[in-house]
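*Asks:* Shown below is the structure under consideration.
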Amino acid sequence: MSVSSATRRFSFPDEVELVDPSLGVDLQRFGFLIARAVFESDSEMALAFGVDRSNMKRWKAGAPLSTTNAARLKAFDTVVSLLIGFLEPVTIPKWLRGTNVHLANRRPIDVLMRGTLSEVVAAIENERTGSFG
């Protein structure tokens with residue numbers, strides 16, 4: 001069987017159901033923990049996300065998130081995943097809070113909170129490849 005004939009027969013479903021629905025909660029909790037790692041405290045994370053600190057405990061447990069906050073958590077998860085191996089773990093929070101030439105001297109954390117993940121990913125790639133401004 002050639003690769004092209006195998007490719008033609010496979011199509012992605014319109015919707016994917018998790019075999020174990022609790023896996024979605026586990027994935028959300030994992031994403032929360034990755035995002036939480038770049039904040040010094042639950043209070044600091046709550047302040048950045050514009051929510052009450054009590055939400056942090058609920059999010060850790062896998063409680064439902066608003067669309068905006070779910071997207072923010074996924075953005076932090078993505079950025080931290082890209083930065084691991086490129087930067088030392090203790091440097092990642094500093095990188096997120098420092099001004100970045102690839103982001104027009106804005107802080108990556110501020111760009112993420114505005115919902116512009118693509119700009120931060122591009123900044124990471126520019127830094128990895130050594131491109132400047």
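The values are calculated or read from the model by the stated rules, or taken from the named source; none is laboratory data. These numbers come from a predicted model, not from an experiment. All Cβ positions, glycine included, derive from the backbone under ideal geometry; neighbour counts span all protein chains shown.
*Asks:* Quick one: in region 48-62, of everything that is more than 22 Å from S118 (Cα to Cα) and within 17 Å of the chain's Cα centre (by Cα), which residue is surrounded by the fewest Cβ atoms within 10 Å (Cβ to Cβ)? It would help to see each step written out before you state the result.
*Replies:* Start the filter on region 48-62 by keeping residues that are more than 22 Å from S118 (Cα to Cα), which leaves 51-62.
If we keep only those that are within 17 Å of the chain's Cα centre (by Cα) too, we end up with 56, 59-60, 62.
Working: M56: 20, W59: 26, K60: 14, G62: 16.
The qualifying residue surrounded by the fewest Cβ atoms within 10 Å (Cβ to Cβ) is K60.
*Asks:* Return the residue satisfying two criteria in turn: it lies in region 72-88 and is touching a residue at least 12 places away in the same chain (Cβ under 8 Å) and not aliphatic (A, V, I, L, M), and of such residues it is surrounded by the fewest Cβ atoms within 10 Å (Cβ to Cβ).
*Replies:* That would be S81.
*Asks:* Cβ-Cβ under 6 Å, sequence separation 6+ or interchain: first residue in region 42-71 and under 20 Å from R97 (Cα atoms), partner among the charged types (D, E, K, R). Which pairs?
*Replies:* D42/R53; S43/R53; M45/R36; A46/R53
*Asks:* Can you give me the number of residues within region 43-96 that are in contact with a Gly (Cβ under 8 Å, 6 or more places away or on another chain) and charged (D, E, K, R)?
*Replies:* 3
*Asks:* Can you tell me which residues in region 40-61 are outside any helix (DSSP H, G or I) and not basic (K, R)?
*Replies:* E40, S41, G50, V51, D52, A61, listed by residue number.
*Asks:* Here are the criteria: (1) closer than 22 Å to R114 by Cβ; (2) more than 16 Å from the chain's Cα centre (by Cα); (3) not in a helix (DSSP H, G or I). Tell me which single one L65 does not satisfy.
*Replies:* (2)
*Asks:* Counting just the residues of region 100-133 that are closer than 16 Å to A48 by Cα and not aliphatic (A, V, I, L, M), which one comes out surrounded by the most Cβ atoms within 10 Å (Cβ to Cβ)?
*Replies:* P108
*Asks:* List pairs: first residue in region 92-105 and in contact (Cβ under 8 Å) with a residue 24 or more places away in the chain, second residue surrounded by 18 or more Cβ atoms within 10 Å (Cβ to Cβ) and part of a loop (DSSP other than H, G, I, E, B) anywhere in the structure, Cβ distance under 7 angstrom, at least six positions apart or on different chains.
*Replies:* Hits for this filter: I92/V38; P93/V38; L96/V38.
*Asks:* Another question, then. Just wondering, is there one or more residues in region 7-27 that are modelled with pLDDT under 60 and not in a loop (DSSP other than H, G, I, E, B)?
*Replies:* Yes, region 7-27 contains a residue that is modelled with pLDDT under 60 and not in a loop (DSSP other than H, G, I, E, B).
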